[in-house]
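What follows is one structure encoded as structure tokens, with my remarks underneath.
The values are calculated or read from the model by the stated rules, or taken from the named source; none is laboratory data. All of these numbers come straight from a predicted model, not from anything done at the bench. Virtual Cβ from ideal backbone geometry, glycine too; neighbours counted across all protein chains shown. The area values use the complete protein model at the heavy-atom level, side chains included, leaving out ligands, DNA and RNA. Shrake-Rupley method; radii C 1.70, N 1.55, O 1.52, S 1.80 Å.
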Amino acid sequence: MKVAWAGSRETLELSDRMAKLVANDPVFEKFTRPMLGRKELFKNTLRKAAHGWKLIVDLRLTEEEAKWLRLYIDEPAYTDLHWGMFIPAIEGQGTEEQKKKWLPLAQKMKIIGCYAQTELGHGSNVQGLETTATFDPQADEFVIHSPTLTSSKWWPGGLGKASTHALVYARLIVGGEFHGVHGFIVQLRSLEDHSPLPGITVGDIGLKFGNGAYNTMDNGVLRFDHVRIPRNQMLMRVSQVTKEGKYMQSDVPRQLIYGTMVYVRQTIVVDASKALSRAVCIATRYSAVRRQFGSRNGGPETQVIDYKTQQSRLFPLLASAYAFRFVGEWLKWLYMDVKQRLEANDFSTLPEAHACTAGLKSLTTTATADGIEECRKLCGGHGYLVSSGLPELFAVYIPACTYEGDNVVLLLQVARFIVKTVSELGYKQPVGTTAYMGRVATLMQNNCAVRTAEDWLNPGAIVEAFEARAARMAVACGRQLAKFENPEEGFAELASDLVEASVAHCQLIVVSKFIEKLQQDIPGKGVKQSLEILCYVYALFLLHKHQGDFLAVGYLTPKQALLANDQLRTLYSKVRPNAIALVDSFNYTDHYLGSILGRYDGNVYPKLYEAAWEDPLNDSDVADGFHQYVQPILKQKLHSAKL
Ligand SMILES: CCCCCCCCCCCCCCCC(=O)SCCNC(=O)CCNC(=O)[C@H](O)C(C)(C)COP(=O)(O)OP(=O)(O)OC[C@H]1O[C@@H](n2cnc3c(N)ncnc32)[C@H](O)[C@@H]1OP(=O)(O)O
Ligand SMILES: Cc1cc2nc3c(=O)[nH]c(=O)nc-3n(C[C@H](O)[C@H](O)[C@H](O)COP(=O)(O)OP(=O)(O)OC[C@H]3O[C@@H](n4cnc5c(N)ncnc54)[C@H](O)[C@@H]3O)c2cc1C
């Protein structure tokens, strides 16, 4: 099962080696992190990142090994955006000449970059960004300026204190004409003494959710006062500005400037499976350790993992972790396929790539954020201790529902894609993830044929149910929209229904890709059977949770919905014997989990008790301040008996 989760034996071996390298290195210790003040915390992160970089250089780690090393260091840092966005943006939007100049500097960390797109006043609405880049033909330069307070760059990770350069997204103005938003490489700080360059105001935006957590990252604020950069620092693969001041839009879609966001969104889907699997590993192991009630004749109490309510909350999350892992594998393939097509100037699958990355990023991060919180609750009171690993995991993870695109805004992008597909059904055969809409007539007519709970253990029945739900919801939206004279008005009015139809479409993709995964060769005795059970748990859990959709579109009867729930209960009993093996398959070290509840050895209570005494508050029997502030209350002579 470990190979199935890792994707291959090589990846299992490589990631295991990196996990152990980090776990055995005291520099990467994590438990004291929540106790540190902001400046100490940030300095500690710089120290860890420097040590990580030294390991990469000294051990000559490959790009893949370095990626796993940074994952297992498990600390949001400026390097995430340098490697995760600044470099990919230059790779995707730079000309060959620009790549030749900037990539070696960035890859050798001679410069540190960030991705400065979001502003105080705009994040979702990229076309609304206010920072300007005005071409000055006399000097052959762009003048980068922050015309308003709301144009201040705000949020970019690594911007506040670490980055020397930024990829700044700004309104391109040539000869007084606005030509859309484009990316510009701007140096922010001196490479000598790291002080901000003239015209640059830069700093950190302040504390974020949860102590420790994401406060290791210097999300920054940045303002420009007429900062000049050479013309060749505008990324010019998509569009060019000539020395003479002529704007040239090459024949590639302007949306390629959004390419980095598409790339990161697809990586965020696999990140979701990693984050959710960590939480599920902790909650599953602890649910097997924790006993509460149920003792008979003085025997042991019942393991909480054996309660049906615990299973109905925990096992769908376990199944979701595997589902997101596999759909993330597929999405990576889709992204690489689009990237190759773009190289050949084939833009035919760009809309699908945008819709899939946007929709699956939204779906998986929402489910993962909710899932980590559910895992905290599944661990009872101890789940609320920082030493459970869950509060920090939650605090670090939840911005994923916002960064790289607010999840609702992204679902609205999927809705545009679906509505367009439905509107073209009469004359254009849908392909790829919307191919099922080509069978809309059948999907609108045929209803569910399930007669017994067993009938739900049929991939065909599952896929048809999800296809029918998605198709009928999309067609219903299409019909509603047709009643509006102004399509944009209709879209705005029906936005909530459209978002629900987008969720249905995206859940169909996840379920289908899980089923497709099971049609591949999966090594290991009994592994495929265990994954089949999880696939049905995932699908039937969603069907149960969203049964209102399936009933409302008339595809399912209440009886068939009940049969699905009966089957779900049976499936939970089948997951139970393998639950620990399934989470052990994630192959996480105790260091990476950072959780006393999720310890591999299950030695929870002694370690919880031990950890309590390490809290600084227990440095003395009587806490500082007691004598000063509490003692007087205890000693005071109360004149009125009423008090
Ligand atoms: C515990 C462990 C956790 C890990 C712990 C690690 C911590 C460390 C890691 C942190 C990693 C993240 C760090 C965050 C980094 C940021 O957050 S970077 C900033 C992200 N910002 C965004 O995502 C902005 C979201 N907004 C947008 O993308 C755009 O404004 C919108 C919403 C797509 C609207 O685009 P628009 O051009 O204004 O207008 P719109 O009419 O919607 O689109 C026009 C056409 O372009 C198409 N289009 C739009 N976008 C695209 C696109 N991307 N591609 C192709 N076509 C597109 C549309 O489909 C539409 O097509 P048609 O319908 O005309 O055919
Ligand atoms: C931890 C973190 C790290 C980040 N890192 C970076 C970074 O490195 N670089 C960078 O450039 N940015 C970064 N960001 C910014 C991030 O990309 C934006 O916050 C994100 O794109 C959301 O945009 P917004 O903040 O403008 O949200 P808004 O769009 O203002 O969202 C507010 C509400 O309005 C709703 N809404 C907005 N538009 C619509 C609409 N058309 N229809 C319906 N509802 C709508 C949203 O759904 C949401 O409920 C980061 C943010 C965070 C939290």
Qualifying positions in the stretch 306-339 - closer than 17 Å to residue 261 by Cα and either open to solvent by 40 Å² or more (accessible area, probe 1.4 Å) or acidic (Asp, Glu) (or both): 332, 333, 336, 337, 339
Close pairs from the stretch 466-492: first within 17 Å of residue 448 (Cβ to Cβ), partner open to solvent by 20 Å² or more (accessible area, probe 1.4 Å), Cβ under 6 Å, at least 6 apart: 469/549; 469/553; 471/440; 472/553
Filter result (more than 33 Å from the chain's Cα centre (by Cα) and surrounded by 21 or more Cβ atoms within 10 Å (Cβ to Cβ)) within the stretch 136-167: 142
Considering residues of the stretch 220-260 that are more than 19 Å from residue 88 (Cβ to Cβ) and within 14 Å of ligand 2 (Cβ to nearest atom) only, the residue most open to solvent (accessible area, probe 1.4 Å): 221
Flag if residue 357 is open to solvent by less than 20 Å² (accessible area, probe 1.4 Å), among the β-branched types (Val, Ile, Thr) and within 16 Å of ligand 2 (Cβ to nearest atom): yes
Residue that is modelled with the lowest pLDDT, among those in the stretch 218-254 that are touching a helix residue (DSSP H, G or I) at 6+ places or on another chain (Cβ under 7 Å) and under 27 Å from residue 150 (Cβ atoms): 238
Count of residues meeting criterion [within 16 Å of ligand 1 (Cβ to nearest atom) and either touching a helix residue (DSSP H, G or I) at 6+ places or on another chain (Cβ under 8 Å) or open to solvent by less than 30 Å² (accessible area, probe 1.4 Å) (or both)] in the stretch 168-184: 9
Neighbours by Cβ (under 8 Å, 6+ apart or cross-chain): first from the stretch 342-356, more than 17 Å from residue 405 (Cβ to Cβ); second among the charged types (D, E, K, R) and more than 12 Å from ligand 1 (Cβ to nearest atom): 345/251; 347/341; 348/341; 349/337; 349/341
Index of the failed condition, residue 201 passing every other in (1) touching a helix residue (DSSP H, G or I) at 6+ places or on another chain (Cβ under 8 Å); (2) open to solvent by 20 Å² or more (accessible area, probe 1.4 Å); (3) assigned to a strand (DSSP E or B): (1)
Near pairs, Cβ below 6 angstrom, 6+ apart or cross-chain, from the stretch 150-170 (farther than 13 Å from residue 113 by Cβ) to any residue that is of a type in the set (Val, Ile, Thr) and away from ligand 1 (no atom under 14 Å from the Cβ): 152/221; 154/221; 170/132
Selected residue (only one of 601, 615 is charged (D, E, K, R) and more than 20 Å from residue 283 (Cα to Cα)): 615
Helices (runs of 4 or more DSSP H) fully within the stretch 536-643 counting 2 or more residues that are in contact with a Phe, Trp or Tyr (Cβ under 8 Å, 6 or more places away or on another chain) and open to solvent by 20 Å² or more (accessible area, probe 1.4 Å): 590-593
Matching entry among 468, 453, 474, 461 (being at pLDDT 95 or above, open to solvent by less than 40 Å² (accessible area, probe 1.4 Å) and in contact with a His (Cβ under 9 Å, 6 or more places away or on another chain)): 474
Among the residues listed as 105, 71, the single one being surrounded by fewer than 18 Cβ atoms within 10 Å (Cβ to Cβ), of a type in the set (A, V, I, L, M, F, W, C) and near ligand 1 (Cβ under 10 Å from one of its atoms): 71
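Here's a check for you: in the stretch 493-518, which residue that is in contact (Cβ under 8 Å) with a residue 12 or more places away in the chain and of a type in the set (Ser, Thr, Tyr) is most open to solvent (accessible area, probe 1.4 Å)?
Going through the qualifying residues, I end up with 512.
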Filtered residue count, the stretch 324-355, keeping only those that are closer than 23 Å to residue 237 by Cβ, more than 10 Å from ligand 1 (Cβ to nearest atom) and part of a helix (DSSP H, G or I): 10
Residue 140 being at positive phi and away from ligand 2 (no atom under 15 Å from the Cβ): yes
Those residues of the stretch 267-285 which are open to solvent by less than 20 Å² (accessible area, probe 1.4 Å) and within 16 Å of ligand 2 (Cβ to nearest atom), in sequence order: 268, 272, 275
Residue in the stretch 391-405 that is more than 13 Å from ligand 1 (Cβ to nearest atom) and hydrophobic (A, V, I, L, M, F, W, C) present: no
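Return yes when residue 31 is within 30 Å of residue 225 (Cβ to Cβ) and either more than 16 Å from ligand 2 (Cβ to nearest atom) or in contact (Cβ under 8 Å) with a residue 12 or more places away in the chain (or both) and no when it is not.
Considered against the rule, which asks whether it is within 30 Å of residue 225 (Cβ to Cβ) and either more than 16 Å from ligand 2 (Cβ to nearest atom) or in contact (Cβ under 8 Å) with a residue 12 or more places away in the chain (or both), residue 31 comes out as no.
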